[in-house]
Structure formats: C-alpha cells, structure tokens
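**Student:** One structure follows; several queries about it will come next.
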Amino acid sequence: MDFIKTIKTLVILIIATTISAQSDDTVLMTVGGQDVTVGEFRYIYEKNNGDGADYTSQSVNEYLDLYTKFKLKVAEARSMGLDTVSVLNKELDGYRKQLADSYIMDKEVVKALTKELYERKKEDIRLSHILISISKRANDGEIESKRKSALDILNRINRGEDFETLAKKYSEDKTSGKMGGDFGWLTAKLPSGFYDFENAMYTLKKGEVSELLRTPLGWHIIKVTDRRPARGKMKVAHILKRTNKDNPNIAKKEIDRIFSELSAGADFAEMASKNSDDDKSAKKGGELAPFGIKVYEGTFEETAFSLAKDGDISRPIKTKIGFHIIKRLEKIDLEDYPQFEAKTLASLKKDSRYETQKERVVEEIKQTAGYKLNQKTFDDFVKAQTPEIYTYKWQATNIKDDLLFTYGGKKDYMLSQFVTYLKSNTRMRLRYDKNDPIDESVKKMLDGYVKETTLKYEQSNLEKRHPEYKSLMREYEEGILLFEASKQEVWDKASQDTLGLYTYYEANKSDYMWLPRADLATYTVKTAEEKKVKDVYKCAKKKNNEKLLEKFNKKEEILSSEINKVERASKSLGEIEWKEGARSELIYNDKKSEATFNKILKIYKPMIKTLEEARGYVIADYQDQLEKEWVKRLKAKYDVKLNDEVVNQLKK
C-alpha cells in the first residue's frame, strides 16, 4: 500500500510540476533582454493560427521562428527611440481609449444587459396598469401636475383602495382601463424607453404594486397579477375567411366547408392557397412569420399556442376580422445563450436601457474604487459661484486647490482640475438658464466630470482585470513599432534607394523575363453584309494591319483594330495557333451587325524585362533581401535565449 501511495504521490507531483511549468507566467524565451511568457505566446499563436493551432512540433517551431523575428524588430524599434515618438504614442493612445471604452461598455454594460434580457425572456408577466398620459409637448409644470395626479392615485392604492376600481375611473389607457387596468401578458424586451417599466414588472412579486414609473407615454402605476414560463414563439399557417357585415353567415359556412375538407385529408397549404382571404399568406400556403405573445388578437394567440404538436389543426375560431383555421408548424423556444448573445448585442447598444445600465456600471465602479467626495470643498466652491457660470465670461477666482474627490486614495482629483474641466466645456455650461439653481446645475456638471474620471480610472485597471485586454494593447503597441521600424529599414529603402534598387536589378535581372509574347490584333468589322465581313477576314490572312485598314476604310470606316502584347499563355489567344498570321474564328454579335476576330501579327522571343517593366516585382524582391539582411543584423545584435524545456511542454 505504501508503495502505491508513493507512486500516486509522484504522479501527482509530476502533473503539478508540468502544469506549473506551463503556466501563463512561465518565461518561454528572452529576446534582447525582454521576457516572452507562455501566456503571451499562446495568445498570439492561437489568434493567428485559428483552427490550425494544433501545437504540433513543426507548427510551434515555425511560429517560434516568426515570433522571434517579430520580437527582434520590436527590440530594434525601441532602440531607435520609436516608442518615444509623440505621433506614434498619440496613435496608440487612440487605440487604447477606443479599446478601453469597448471593454468597459461591451464587457460590463452590454454583457450584463444581454444576460438580464435572456433570463427575463424565460418568463411572461401578466399585469394591470393605470396610465396618466403626458403630451410630448408638455412643459415642466404640466409634467409635474400629472405626476401629482398619479401620486394621489398611488397613495389611495397604498391606503387600501381597489386597484381595478381606480383604473376604471382614472386610467387614460381606455382599452385596459375598461377591464380594471388588465393589460394582459407581456414579455421582455419592451420597446426602447420602457426599461424602467420592464424592470418593475420583472421585479415585483405577484400582487405587488409599483412606485410611479415614467415612460414616453406618461406616468404609470403597475400591478403584477400573474407569472408563467414564457410561451416563446410559434410558427403557424392559417386560412382566413373575412366576415361580411351584410351577410356574416357566408364566412361561417365557408370556413366550416374548408374544415370539413381538411378533416377528410385535404392538403392545408393547397386549401389556404385557394381559399384564404389573407392574400399575403395564401401565396405561401397560409404561412405566417413566427410570433410571440401580444402580436395577434387574444383568441388567435390562445388557439395557436394551445395546439399540442407540429401539424395539429384547430377547429374554426372567430376574431374581429373573421374566421380562422390554424395549423401549428413549429414551436420556437428560446435559443442557447451564445446564439442569443450574438443576435442581441448590437440592438441593445441602440436601446435606451444601454445608458441606464451604463450609469449603473459607473456607480458600481465608483463603489469598488472607493470614490469619496470632499463635500466641504465642493460646497465652498458652489457658494462662491454666481449665474455668470452659465456664460462665456465665467472665471473661477480665489480657488483653494483642495482635494475634491478621491478613488480610495489611489487616484486624487483636485478642485483646480474640476475648474479646468468647466472652463474647457463652455457649451455644457451654456445649456443652463440663468434662473436655474446654481447648486443643482454645478452638481450635474460634477456628475459629468466624475463619470468621465471614473471611466478613466477603470481604464487604468483594465490590464489587471482583463488579461486579453493587456494582450491586445501589447499587440497594438508592438504592431505600431514594428510597422514604423519596417517602414524605415525596409519599405522606404526599397522604394527610395534608386542606386540600391538598380544594383539589385542588374544582379538579378535574369529573374525578370518576358515569356514568349505576340502582338495580337483584335479586328472589329461593323457591317451587316456577310460577304464584306468574309472579304475582310480573307484579306487579313496575307495583308498587314496598315494595308488591311487602308483597303476596307476607303469609303466608310467599317474596320477597326486594337493591338496588344500578350504572353503565350494569355486567355485572349483562345485556340489560335502560335504562329505569325494565325487567325481566330469569326464571331458575330446577336444582330449580325458586327463581327470580330483576332490575328497574331508578330511573335517575340523571351527577353529580359526592363527595370521599369519589372519595377513592382523588383521592389518586392529587394524588400525581401533587405528584410533578411536586417534580421541577420538583429540576430547578431540581440541575444535570443530559448527555454527548450518549456517549449517542449507546449508541443503535443
């Protein structure tokens, strides 16, 4: 037993040692004194190889060689001082801010909204509401008056008065008001602008009443009356017979006849196509787009969702527009989260809930960071202000540069920094009216400044919280350095070093050869006279280009030619025999008013291209040589140390 335990212990130790050796912080190699960790290599290897990142010995060795060269060039770029060039640093700062904003918003705002919405879509909520509507043009006084009316109703409900009775009497949603405020079943997501409404309906317990809620429609009081697992979506086909007001029995007789034929085995799609009064869906065998709750009239919805399985057909039902027979095609449940996320992310950024969640995230960051306002410093500053703060002329005087707020003592912001922010944001100050309370206005200005600094504070900590962000920023930074160093050492030299380029061309010009070429004439004969076309074609066999044109263009210009040099492998030659004087077949256009054919005028033997003719190829090859020479110099200049043991552990 002791022997077995010893063996097990050794195995565990070996596994632990291997895992430890392969941890992301383990040094894989050192290039020019800079460590490259396993984590860094894994990130770039897997990103650039995708599905081909199989960690085979050959694959790892090849990529190590490439990445070593890359790191050598980055080391040289730093040696050249490119990491201190202001233009390049400004470019990097732009990337950093853009990426940081994306990480904070996408990782922490949109992701949270997506998960929240996904969970909410699993449940339908039935609710009643009382609406006190507000006109889009209402002023502040009217809005406040409506709020007080709604608040009075809410207070009466809280004192025990019946919700349904008050809804019937006061709700300005006349449809639901008649039913005691019953709005029926709802599910997320509600339209943009109704996020607070949605939050309340998913937060309240059955029977609970909300506080006042503001939406684009006005003030709401809602009461949750029931909850159920979400119905999801249903795909159906239907046959509709519209009701004729003058003779409603006709539609009933027709739908009964159709149902009888369906019961006897008639094809639903064919019956819908021939009989349905819904012209749009009839063309598709009665098929409707998938729908969820609250899309169609209640009777139609209830019947569709009551069908037990795909293929089931309902008995005729009546709605406001007529009689229907419904066939269930497919029940569509909520997809898996990754699919839902991919489909939903973009739309959430355009929803009003995005800004609401953003504010929430900012508050969470502030709390986590230990944000604390020096209230006395702020209050003293506010007391010293006059309505002039709302103008261009404003100047802050007698400012004591005290601490205004701090993030847990790790990052402090002084009053002078806030003053600078206010001076540089004149437009923000001008939005306020001279009669607006100064303390409230300056508080809003401070909130904007704190929001900005909070996001900056979070950006500065992103590398600790998100390793992939750190990797991306390293990639951006080193990519910029590599580009600029390569530009100076290789690309610019290859295109601007006239003597070097010419010398390279002279030493290698046999590599730039023209294959056998020919002057190919394309003749166009513009005439409907077939005899004349054939005369041109026949004469072209012996006459050269100039004499041919001269012969047939004496009275009118019916013949034209276009001459191009083409290589022997060119598709434009078609099936023409490779010899001077050879012609293609005649090709007529659709109207027989024009014909074309090709002729080889002259054949050229293989020859060396001039520098101008081969310039693009020569520059590319010269760049390759400069690149190789550069890498060779860098390998001699900088030490490269490979941790063979760690490399071998990477391989599979």
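**Student:** Fewest Cβ neighbours within 10 Å first, please rank Arg633, Arg328, Arg227 accordingly. Walk me through the numbers before you get to the answer.
**Tutor:** Working: Arg633 13, Arg328 21, Arg227 16.
Result, fewest neighbours first: Arg633, Arg227, Arg328.
**Student:** What is the spin-label model distance, in nm, from Asp412 to Asp590 if the labels are put 7 Å beyond Cα along the C-beta direction?
**Tutor:** Label at Asp412, label at Asp590, 8.3 nm between them.
**Student:** Could you please rank Thr319, Thr114, Thr426, placing first whichever residue has the fewest other Cβ atoms within 10 Å of its Cβ? Spell out each step's value before the answer.
**Tutor:** Working: Thr319 16, Thr114 20, Thr426 11.
Arranged by neighbour count, lowest to highest, Thr319, Thr114, Thr426 become Thr426, Thr319, Thr114.
**Student:** Step through the table entries Lys97/Lys470; Lys241/Lys327; Lys543/Lys609; Lys122/Lys318; Lys464/Lys641, compare each Cα-Cα distance with 20 Å, and write down the pairs that go over it. Walk me through the intermediate numbers first.
**Tutor:** Values: Lys97/Lys470 13 Å; Lys241/Lys327 15 Å; Lys543/Lys609 31 Å; Lys122/Lys318 30 Å; Lys464/Lys641 28 Å.
Violating the 20 Å limit, Cα to Cα: Lys543/Lys609; Lys122/Lys318; Lys464/Lys641.
**Student:** What does the charge add up to near Asn48, with Lys and Arg as +1, Asp and Glu as -1, over the other residues with Cβ less than 12 Å from its Cβ?
**Tutor:** On the way: positive: Arg42, Lys47; negative: Glu46, Asp51, Glu62, Glu475.
Here the count lands on -2.
**Student:** Another question, if that's okay. Rounded to the nearest 0.05, what FRET efficiency is calculated for Glu297 and Arg137 with R0 set to 35 Å and r the Cβ-Cβ distance?
**Tutor:** Details: r = 33 Å, r/R0 = 0.94.
E(calc), rounded to 0.05, equals 0.60.
**Student:** Okay, moving on. Can you give the local net charge around Ser260? Use residues other than it whose beta-carbon is closer than 13 angstrom to its beta-carbon, Lys and Arg +1, Asp and Glu -1.
**Tutor:** Values: positive: Lys252, Lys253, Arg257, Arg315; negative: Glu254, Asp256, Glu261.
Neighbourhood net charge equals +1.
**Student:** For Leu415, what is the net charge nearby, where nearby means another residue's Cβ is under 14 Å from its Cβ and Lys, Arg count +1, Asp, Glu -1?
**Tutor:** Result for the local shell: -1.
**Student:** Quick one: 3J(HN,Hα) in Hz for the range 311-316, Karplus 6.51/-1.76/1.60 with θ = phi - 60°, rounded, Gly and Pro as x.
**Tutor:** With the stated coefficients, the range 311-316 comes to x, 5, 10, 7, 6, x Hz.
**Student:** Continuing with the same structure: If the viscosity is 0.692 mPa s and the temperature 37 °C, what Stokes-Einstein diffusion coefficient in µm²/s follows for the range 233-332 when Rh is the Kirkwood radius over Cα pairs?
**Tutor:** 246
**Student:** When a footprinting reagent is the concern and you count Cβ atoms within 10 Å, what order do Trp394, Trp219 take, fewest first? Can you show the working numbers first?
**Tutor:** Working: Trp394 17, Trp219 23.
Ranking Trp394, Trp219 by Cβ neighbours within 10 Å, fewest first, gives Trp394, Trp219.
**Student:** For the range 434-447, what does the Karplus curve 6.51 cos²θ - 1.76 cosθ + 1.60, with θ = phi - 60°, yield as ³J(HN,Hα) per residue in whole Hz, taken in order and with x for Gly and Pro?
**Tutor:** Result, ordered by residue: 4, 8, 5, x, 5, 4, 5, 5, 5, 4, 5, 5, 4, 4 Hz.
**Student:** Taking the simple approach of a point 7 Å from Cα along Cα-to-Cβ for both Glu91 and Lys652, what is their distance in nm?
**Tutor:** 3.7
**Student:** Quick check: the distance between the Cα centres of the range 298-332 and the range 548-602, to the nearest angstrom?
**Tutor:** Using only Cα atoms to place each centre, the spacing works out to 69 Å.
**Student:** Using alpha carbons only, how many angstrom separate the centre of the range 385-436 from the centre of the range 485-507?
**Tutor:** A separation of 56 Å, based on Cα centres.
**Student:** Please give me, ordered by residue number, the trypsin sites (Lys or Arg not before Pro) of the range 143-193 that lie in loop per DSSP and have at most 10 other Cβ atoms within 10 Å. List each step's numbers first, then the result.
**Tutor:** Values: sites: Lys146, Arg147, Lys148, Arg156, Arg159, Lys168, Lys169, Lys174, Lys178, Lys189; in loops: Arg159, Lys178, Lys189.
Answer by residue number: Arg159.
**Student:** Mind giving me the FRET efficiency for Glu364 and Glu452? R0 is 22 Å, r the Cβ-Cβ distance, nearest 0.05 is fine.
**Tutor:** On the way: r = 16 Å, r/R0 = 0.74.
Working from the Cβ atoms, E equals 0.85.
**Student:** First measure r as the distance between the Cβ atoms of Lys178 and Leu373, then evaluate 1/(1 + (r/R0)^6) with R0 = 56 Å and state the FRET efficiency to the nearest 0.05.
**Tutor:** Working: r = 51 Å, r/R0 = 0.90.
That pair, Lys178 with Leu373, gives E of 0.65.
**Student:** Let me ask something else. For the range 279-419, what is Rg from Cα atoms divided by 2.2 N^0.38 Å, rounded to two decimals? The partial results should precede the final answer.
**Tutor:** Values: Rg = 30.0 Å, N = 141, 2.2 N^0.38 = 14.4 Å.
Cα Rg divided by the expected 2.2 N^0.38 Å: 2.08.
**Student:** Another question, then. Specify, per residue and in Å³, the volume enclosed by the convex hull of the alpha carbon atoms belonging to the range 123-229.
**Tutor:** Numbers: hull volume 9.7 nm³, N = 107.
Considering the Cα atoms of the range 123-229, their hull volume per residue is 90 Å³.
**Student:** Another question about this same structure. Using just the Cα positions, wrap the chain in a convex hull and report its mean projected area in square nanometres, one decimal place. Mind dumping the intermediate values first?
**Tutor:** Values: hull surface 241.8 nm².
One quarter of the hull surface, i.e. the mean projection, equals 60.4 nm².
**Student:** In whole Hz, with x marking every Gly and Pro, tabulate ³J(HN,Hα) for the range 595-608 from phi via Karplus 6.51 cos²θ - 1.76 cosθ + 1.60, θ = phi - 60°.
**Tutor:** Running phi through 6.51 cos²θ - 1.76 cosθ + 1.60 with θ = phi - 60° gives 9, 9, 7, 10, 9, 7, 8, 8, 10, 10, 6, x, 8, 6 Hz.
**Student:** Around Glu287, which amide H atoms from residues at least 5 apart in sequence, or from another chain, sit under 5 Å from its own amide H, with H modelled in the peptide plane?
**Tutor:** Placed amide hydrogens put His238 under 5 Å from Glu287.
Rule-based calculations on the coordinates, nothing more; no lab input. None of the values given here were measured: they were computed from a predicted structure. Quick reminder, even Gly has a Cβ in these numbers, built from the backbone with ideal geometry, and neighbours come from all protein chains shown.
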